[in-house]
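This report concerns only the one structure given below.
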Amino acid sequence: MRRYDKSKRRHREELEARLDALQRPGSRKRRRRRRGRSLGSGLFASLLLVIALAAAYLLYTGAGAEQQTSDGAAKVEVVKGETLTDVAAKLEEAGVIENAFVFKTQARIEGYGTEIKTGRYTFERGQESGEILEKLTAGEAAPTIAVTIPEGLTLEETARTVAAGTAIPAAEFERAARETDYGYAFLEDPAIKTTEGYLFPRRYDFEKGVTAAQVVDRLLGQYLIETASMEIGGAKERHGLTEHELVTVASLIEKESANPEERPLIASVIYNRLRREMPLQIDATVQYALERPKEHLSLADLRTASPYNTYEHPGLPPGPICSPSRQSLAAAINPQRTDYLYYVLKANGREHFFTSDYDAFLREKARAGR
């Protein structure tokens with residue numbers, strides 16, 4: 001699940017297509033009643049073919065013999081929108097099952113594919129597939145607690161939010177979030193010192209008794225899920241930035257935009273200023289640098305000695321200043337094309353005025369009383 005494993009996808013897709021062709025509408029109970037009857041020759045032949053293909057696939061990949069599981073419990077979370085393929089992959093990664101494809105094959109033949117319930121589950125490693133499927137479809141999940149991580153929170157703010165909704169102390173979460181050895185490729189950049197920026201904002205259901213490291217890992221995993229379909233590779237080439245720098249841009253957009261619609265415009269200003277080697281002069285970076293953020297910055301604040309102060313230091317700050325939303329990440333990847341170099345929040349506080357003319361910027365700034 002750590003970005004990006006596409007090996008042997010074609011073989012899996014071909015076999016899954018054949019399995020899909022064997023599916024018939026109706027409930028699992030109806031299909032189970034049919035199991036006792038003799039199968040039609042065509043269906044039986046098709047099943048034999050799928051089983052033969054599955055066996056060939058396992059021989060080809062060596063998956064059947066290579067993945068051994070150990071004793072002990074494993075926890076797996078099924079979230080809304082996940083498919084049977086997603087769940088099978090999680091079970092394999094957790095060591096609950098030996099092979100995701102074989103598990104999916106059994107689930108589809110048994111008719112379990114569309115009946116899996118969301119929740120956090122605890123399984124024994126090496127548990128029988130039938131027992132696992134019964135538990136997943138019955139929704140016998142462990143008791144959970146809901147925690148909502150709003151968009152644009154810093155690591156410290158996220159820690160306080162998690163502490164308010166769980167039994168995890170904020171300091172304990174902070175310690176876990178300042179570690180980066182969670183096995184994700186996107187955290188391997190030497191410039192990354194903490195998980196700041198990658199604690200993805202959304203609503204989560206955690207099992208009671210969850211640890212700080214498990215929460216951090218879940219938030220990081222959600223970042224991976226959310227960005228899997230984004231053109232991060234192409235954006236890195238187009239903008240000449242690393243993924244970490246793209247997330248940094250997204251965090252600036254998150255903090256600076258007054259409404260979702262103007263995020264691509266904020267992105268355009270950031271990129272235009274970077275290309276012209278102009279200082280970004282973003283107030284939100286100074287707020288991040290201050291030990292105690294202030295509603296209104298003074299001239300002294302703008303001279304704060306910090307690498308995050310984009311008034312004093314050119315280019316991007318060393319890293320993200322918050323965890324950006326998916327919309328801000330999308331804006332950083334695909335900014336609107338403009339010649340804007342300046343923006344200022346209007347008097348109504350709901351939108352910014354954008355311009356490429358410095359004098360027009362100063363006039364609007366005065367008009368807004370800023």
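The values are calculated or read from the model by the stated rules, or taken from the named source; none is laboratory data. Computed from a predicted structure; not experimentally measured. So basically every Cβ, Gly included, is an ideal-geometry build from the backbone, and we count neighbours across all protein chains shown.
Listing for the model above:
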| quantity | calculated |
| --- | --- |
| Matching residues in region 331-364 - criterion: being in contact with a Gly (Cβ under 9 Å, 6 or more places away or on another chain) and outside any loop (DSSP other than H, G, I, E, B) | I333 |
| Answer residue from region 168-190, given it is acidic (D, E) and surrounded by fewer than 18 Cβ atoms within 10 Å (Cβ to Cβ) and is farthest from E207 (Cα to Cα) among those | D189 |
| Some residue of region 99-117 being touching a strand residue (DSSP E or B) at 6+ places or on another chain (Cβ under 8 Å) and either among the basic types (K, R) or at pLDDT below 85 (or both) | yes |
| Filter result for K294 (part of a helix (DSSP H, G or I) and basic (K, R)) | no |
| Flag if R275 is assigned by TED's automatic domain parsing to the domain that holds L252, more than 26 Å from the chain's Cα centre (by Cα) and under 19 Å from Y340 (Cβ atoms) | yes |
| Pair list, Cβ < 9 Å and 6+ apart or interchain, from region 154-165 residues that are assigned to a helix (DSSP H, G or I) to residues that are among the small types (G, A, S) and modelled with pLDDT under 95 | G165/A146 |
| Residue in region 230-251 that is among the hydroxyl-bearing types (S, T, Y), outside any helix (DSSP H, G or I) and not assigned by TED's automatic domain parsing to the domain that holds S356 present | no |
| Which listed residue, of G130, G183, is at positive phi and either modelled with pLDDT under 90 or not assigned by TED's automatic domain parsing to the domain that holds E291 (or both) | G183 |
| E134 vs. criteria closer than 30 Å to G197 by Cα, more than 18 Å from the chain's Cα centre (by Cα) and assigned to a helix (DSSP H, G or I) | no |
